[in-house]
Amino acid sequence: MSDLHWGQTMTEAYRFISAGTAHTFAFNFPPDKVVFNNLTKWTATAGGDPVSVWFRDQTTTAHAFQQTVIDSSAGASFNFKDATTNGFTVANTAGGAPAYRALISGVTQADPCVITTVADHGYQTNQIVRITDLGDVGVTDRGMGQLNNNRYGIIVLSDTTFSIYDVTTGEPIDSTSYTAWVAGGRVDLESRVISLNNPQQFPYLVTPYVPTPFVYNPITYQLTAGTDVMQSDGDEFLIEVYKWGAVYDLGDLVT
């Protein structure tokens, strides 16, 4: 769902009665902010925590930003605190579609040519990629200009490596005489499907081949709320879940 609404602000809300124990909640999109409102504690005596907040990339694991009901006569009390042990923990499941773009961290002068990516590429054997941002880019020669802006089939070797072959002939690319890779480069995935003869069973006429389907492993977006957030058995909660359309980092403002 989140992939279809990328760039849009999204919200949803949930109500529940707490069991007083940690609980993992699943959402319909990757949230940027989640607010747990303990409606029971809104009118509680001093020390209650009616509001617990989680921010993506801002909240340390097991922490929760909380607003506390204070006794106005207690000078050492504070309205806001950071619960450090039983707060929120991201619990997303693994999966998702490939990133479609991957940064290159190495290209071999070998037969076949092998490309290494900075992070897991998520590609599958026999998909088609285009190699870009290699060779002379105007500032420095990044090497492997012979590969630049060309389309290749790939054979996946590991999560971060694959060899390349000519999409017309099927022959592996021999890069032993190519200009040595220096730095940079990018891989763009052009195909979203796998060629039908992957893998091909032998003999073909006797045993029909079975195509390898395109893999999409959906992510479940989850957040675990610890006991500091869930508080007492029987407490009534309202959760507010937000995904922002854009977040702009303005850096360190000098003036």
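A few comments on the model shown:
- Alpha carbon convex hull of segment 151-192, volume per residue in cubic angstrom: 105 Å³
- Scanning residues 5 or more positions from Q127 or on other chains, those with amide H under 5 Å from its amide H are I154, with H placed 1.01 Å from N in the peptide plane.
- Peptides 117-124, 31-38 ordered by average Cβ neighbours within 10 Å, highest first: 31-38, 117-124
- For segment 101-189, convex hull of alpha carbons as volume per residue, Å³: 76 Å³
- Karplus-derived HN-Hα couplings along segment 26-31 (A = 6.51, B = -1.76, C = 1.60, θ = phi - 60°), whole Hz, x at Gly and Pro: 10, 10, 8, 7, x, x
- Close amide H contacts of T224 (hydrogens built in the peptide plane, cut-off under 5 Å, sequence separation of 5 or more or a different chain): F25, T89, V90, A91.
- Under 5 Å, built H, 5+ apart or other chain: amide partners of R101: L189
- Computed from backbone phi, the HN-Hα couplings of segment 168-185 come to 8, 8, x, 7, x, 7, 9, 10, 4, 9, 6, 5, 4, 5, 10, 6, x, x Hz, rounded to whole numbers (Karplus: 6.51 cos²θ - 1.76 cosθ + 1.60, θ = phi - 60°; Gly and Pro given as x).
- Cβ-Cβ FRET estimate between H23 and D133, R0 fixed at 30 Å, reported to 0.05: 0.05
Bear in mind these aren't lab numbers, they're just calculated from the coordinates by the rules spelled out. Because the structure is a prediction, the values reported are computed rather than measured. All Cβ positions, even for glycine, are placed from backbone atoms using ideal geometry, and neighbour counts span all protein chains on display.
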